[in-house]
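Read the figures in this text as sums done on the coordinates, not as results from a lab. Quantities reported herein were computed from a predicted structural model and do not represent experimental measurements. FYI the Cβ positions are ideal-geometry reconstructions off the backbone, even for glycines, and counts take in every protein chain you see.
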Amino acid sequence: MIDAGSRGATLLAARRVVVKVGSSSVSGDNAGQIPTLVDSLARLRAAGAEVILVSSGAIATGVPFLNIDARPDDLATQQAAAAVGQNILVNRYQRALSSHDLVAGQVLLTAHDMENPTHRGNARRALERLLALGTVPIINENDTVATHEIRFGDNDRLAALVARLVEADQLVLLSDIDALYTAPPEVVGAERIAHVAYGDPLDGVKIGESQSGWGTGGAATKVQAARLAADAGTTVLLTEARLLAAVLDGEDHGTLFGAAAR
């Protein structure tokens, strides 16, 4: 078992890391967190890790530019907002990456791409080449063509599938919650779960749903994604986006999910 104090060191020693960040952490008032997140990605790169970022936020980023006050309900407007927002979101990432002399490579996928053998093979080949060329692949769901996924999907599962695809050592799931708790954090008496052993069914743990108006996933989807990645031998850290830098500094945050032996 990886103890809490070594989480940052383990991430910095990883060969390949997939980092997923939720919509609420990189859009709206929190768009300013992107440079800080990128600083941590650059730190992982400087330590020798290959890094892939799975980023939500296209719809949330695009909506204000379409003069819409809330997340649209109809599919066509969601797709339009995603088309506008994806361009702006990746541009923000690239500006932050440029300060570290890094280049982003945009990759748009759906869960279906991971299920189709031909599409999956093409995605893996493209990602491997992007990493070999020294870029930071930035993956998002292809919301402009997604139908079921745009309404009910989440990038936690997509990130887990990507981690499995590229055989990542580590998957980091970042959102607006700092860890998994024994009950929703707002419930009196809820306690942080620092470590989940591989195969632990989490009996007695009350897992909440998303409280964000933009994100489609909650703690339940993150636990499911963590288990999906852990089954393939990828260790998973769940924590808050603003705490990643502190974790790399050796601070004890988040919930660590143990992985199956490879």
Worksheet item: Label point 7 Å out from Arg192 along Cα-to-Cβ: which residues of the stretch 231-261 have amide N under 16 Å?
Response: 237-257
Item to complete: Quick one: among Ser56, Ser98, Ser24, which has the greatest mean-square fluctuation in a GNM of the chain with alpha-carbon springs under 10 angstrom?
Response: Ser98
Worksheet item: If you take every DSSP beta bridge whose two residues both sit in the chain, what share of them, in percent to the nearest 5, is antiparallel?
Response: 15
Worksheet item: In the chain, which helices (entire DSSP H runs) extend 20 Å or more along their own long axis, judged by Cα positions, while averaging at least 0.0 on the Kyte-Doolittle scale?
Response: 75-98
Worksheet item: What is the spin-label model distance, in nm, from Asn122 to Ala46 if the labels are put 7 Å beyond Cα along the C-beta direction?
Response: 3.8
Item to complete: Mind putting together the pair-distance distribution for the stretch 5-112? All Cα pairs, 10 Å bins, whole percent per bin, short to long.
Response: 14, 42, 30, 12, 2
Response to the item:
For Ala76 and Arg242, extending 7 Å from Cα along the Cα-Cβ vector and measuring point to point gives, in nm, a value of 4.0
Worksheet item: Counting every Cα pair in the stretch 5-257, what percent are over 28 Å apart?
Response: 27
Practice prompt. Scan the chain and report its longest stretch carrying no GluC sites (Glu not before Pro) that are both in a DSSP loop and have at most 16 other Cβ atoms within 10 Å.
Written response: 1-166
Worksheet, complete the sentence: What helix-only [θ] at 222 nm does the chain give? Using -39500 (n - 2.57) per DSSP H run of at least 4, over all residues, to the nearest 500, the answer is -12000 deg cm²/dmol
